[in-house]
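What follows is one structure encoded as structure tokens, with my remarks underneath.
The values are calculated or read from the model by the stated rules, or taken from the named source; none is laboratory data. Keep in mind that this is a model prediction, so the values were computed, not measured. Positions of Cβ are generated from backbone atoms using ideal geometry, with glycine treated the same way; all protein chains shown enter the neighbour counts.
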Amino acid sequence: MLANEMPQNESTNQVTDFLPIQGTFYVEFLVGNAKQAALYYHYVFGFDIIGYRGPETGHRASASYLLGQNKLRFILTSPLKPDTPIAKHVYQHGDGVKDIALWVEDAAESFRQTVQRGAKPVREPEVLQDEEGEVVIASIATYGDTIHTFVQNNRYQGFFMPGFRKWENRALTSKPVGLQYIDHMVGNVALGEMNQYVDFYAQVMGFKQLVSFDDKDISTKYTALMSKVMSNGNGRIKFPINEPAQGLKKSQIDEYLEFYQGPGVQHLALATHDIIETVTQLKNNGLEFLYVPETYYNDLKERVGEIDEPVEALKKLGILVDRDEEGYLLQIFSKPVQDRPTVFYEIIERKGARSFGKGNFKALFEAIEREQALRGNL
Ligand code: FE2
């Protein structure tokens with residue numbers, strides 16, 4: 001619907017998308033110790049470690065591990081030397097997302113189109129080559145120190161990108177937990193900056209704002225944030241942008257901005273086709289999720305109506321449910337996955353709903369506040 005409405009070309013009346021995107025190509029995290037983080041993502045999130053790039057492959061200043069699970073591809077990169085942009089990024093922000101790479105048919109043209117519309121260039125189009133062919137990349141800046149790299153791989157036969165070699169460790173057995181693809185990735189920006197980045201995605205990238213239940217204030221008496229969701233032409237890329245709103249207490253967005261030292265990716269929502277099974281495995285693997293008060297489930301049926309999943313199973317795992325006009329969704333939020341209270345994960349299963357769970361923010365926050373009140377702490 002709205003997500004697929006593209007600007008009309010007046011002369012031919014044909015639908016045009018100046019930035020056709022086939023999907024997320026990879027997400028690159030800059031971390032303090034990529035070797036250890038790779039094992040965390042393997043053992044906890046069920047990723048396979050499939051590729052490596054580092055000094056042995058000609059990269060002198062950093063080491064990277066490529067992780068995969070179904071359509072998900074993450075790169076974890078660590079600096080090997082102190083006076084490098086990667087080292088400075090890790091020093092300032094802690095572990096976090098540096099690059100949301102977008103898969104395109106023509107990277108140079110994507111770069112040209114977006115820079116012409118006002119994007120800040122980060123890396124001019126460059127052809128990476130090896131014996132398997134060539135990949136073209138080019139990067140532009142988005143919020144904070146985060147970037148988008150356009151990746152064009154239609155002339156490449158290799159397993160990922162030039163510079164990476166296959167990683168093999170026979171001691172690691174593949175144990176996927178059913179994570180499929182990125183449903184959405186949320187950015188936190190500073191107070192007053194949300195509309196600036198909404199405009200960036202609209203004007204520079206050609207995205208549309210999704211009409212959803214999340215584009216108004218998400219607030220309780222004490223916690224507040226504002227959020228708008230931007231989506232590309234084919235709807236495969238969805239970027240909600242949050243900014244803190246005035247509440248009686250420091251919001252979770254304010255806390256993020258303080259510890260990340262500025263804007264950045266707040267959470268990645270990973271899709272599953274069986275959230276009960278996926279979350280059961282993630283919990284068994286040691287991933288910690290936000291606590292959901294049992295009171296949340298007392299009025300669940302009244303709020304969301306009939307659902308396929310047994311409420312008892314959802315309650316046992318702490319899975320939340322929200323409904324919109326098109327269906328419902330199930331979701332759960334992890335605790336931050338590093339010591340700074342910054343990046344966390346959402347696990348989501350959609351049953352028709354295309355929104356983002358606004359009803360849960362309010363219900364969850366209010367449930368937490370009810371418990372605080374019972375303890376005399378509100
Ligand atoms: Fe989300």
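Annotations for the structure displayed:
- Within segment 349-371, the presence of at least one residue that is more than 16 Å from the ligand (Cβ to nearest atom) and aliphatic (A, V, I, L, M) is confirmed.
- Residues located in segment 324-334, provided they are away from the ligand (no atom under 12 Å from the Cβ) and surrounded by 20 or more Cβ atoms within 10 Å (Cβ to Cβ): Y328, L330
- S219, sole failed condition from (1) away from the ligand (no atom under 16 Å from the Cβ); (2) of a type in the set (S, T, N, Q); (3) modelled with pLDDT of 95 or more: (3)
- Only listed residue being of a type outside the set (A, V, I, L, M) and closer than 19 Å to R236 by Cα, chosen from G376, G357: G357
- Residues (outside any strand (DSSP E or B), over 17 Å from the mean Cα position of the chain (by Cα) and not aliphatic (A, V, I, L, M)) located in segment 47-77: G54, P55, E56, T57, G58, H59, R60
- In segment 177-190, the residues that are on the phi > 0 side of the Ramachandran plot form Cβ pairs under 6 Å with partners that are at pLDDT 95 or above and within 15 Å of the ligand (Cβ to nearest atom), at six or more places apart or across chains, as follows: G178/T272.
- Selection status of V337, modelled with pLDDT of 90 or more, touching a Pro at 6+ places or on another chain (Cβ under 8 Å) and within 16 Å of the ligand (Cβ to nearest atom): no
- If you go through segment 155-193 and pick out every residue that is out of contact with any Gly (no Cβ under 8 Å at 6 or more places or on another chain) and among the hydrophobic types (A, V, I, L, M, F, W, C), you end up with 7.
- For segment 150-167, the count of residues that are within 16 Å of the ligand (Cβ to nearest atom), closer than 17 Å to R73 by Cα and in contact (Cβ under 8 Å) with a residue 40 or more places away in the chain is zero.
- The condition of being loosely packed, with under 15 Cβ neighbours inside 10 Å, more than 16 Å from the ligand (Cβ to nearest atom) and among the hydroxyl-bearing types (S, T, Y) holds for only one of Y291, Y297, that being Y291.
Conditions tested, residue by residue: (1) at pLDDT 85 or above; (2) touching a helix residue (DSSP H, G or I) at 6+ places or on another chain (Cβ under 6 Å).
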{"site": "Q252", "(1), (2)": "no, no"}
{"site": "A271", "(1), (2)": "yes, no"}
{"site": "I276", "(1), (2)": "yes, yes"}
{"site": "G286", "(1), (2)": "yes, no"}
{"site": "Y296", "(1), (2)": "yes, yes"}
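- Options K283, K316: the member that is surrounded by 15 or more Cβ atoms within 10 Å (Cβ to Cβ), charged (D, E, K, R) and over 18 Å from the mean Cα position of the chain (by Cα): K283
Yes/no matrix, rows are residues, columns are (1) within 23 Å of P121 (Cβ to Cβ); (2) touching a Lys or Arg at 6+ places or on another chain (Cβ under 9 Å); (3) buried (at least 21 other Cβ atoms within 10 Å of the Cβ); (4) aliphatic (A, V, I, L, M):
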residue: A141; (1), (2), (3), (4): yes, yes, no, yes
residue: V151; (1), (2), (3), (4): yes, no, yes, yes
residue: F160; (1), (2), (3), (4): no, yes, yes, no
residue: A171; (1), (2), (3), (4): no, no, no, yes
residue: V177; (1), (2), (3), (4): no, no, yes, yes
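- Where a residue in segment 258-270 is more than 11 Å from T146 (Cβ to Cβ) and its partner, wherever it lies, is away from the ligand (no atom under 16 Å from the Cβ) and part of a helix (DSSP H, G or I), with Cβ under 6 Å and at least six apart: Q261/Q92; Q261/H93
- Count of segment 238-270 residues, restricted to those that are hydrophobic (A, V, I, L, M, F, W, C), farther than 16 Å from F344 by Cβ and within 16 Å of the ligand (Cβ to nearest atom), is 2.
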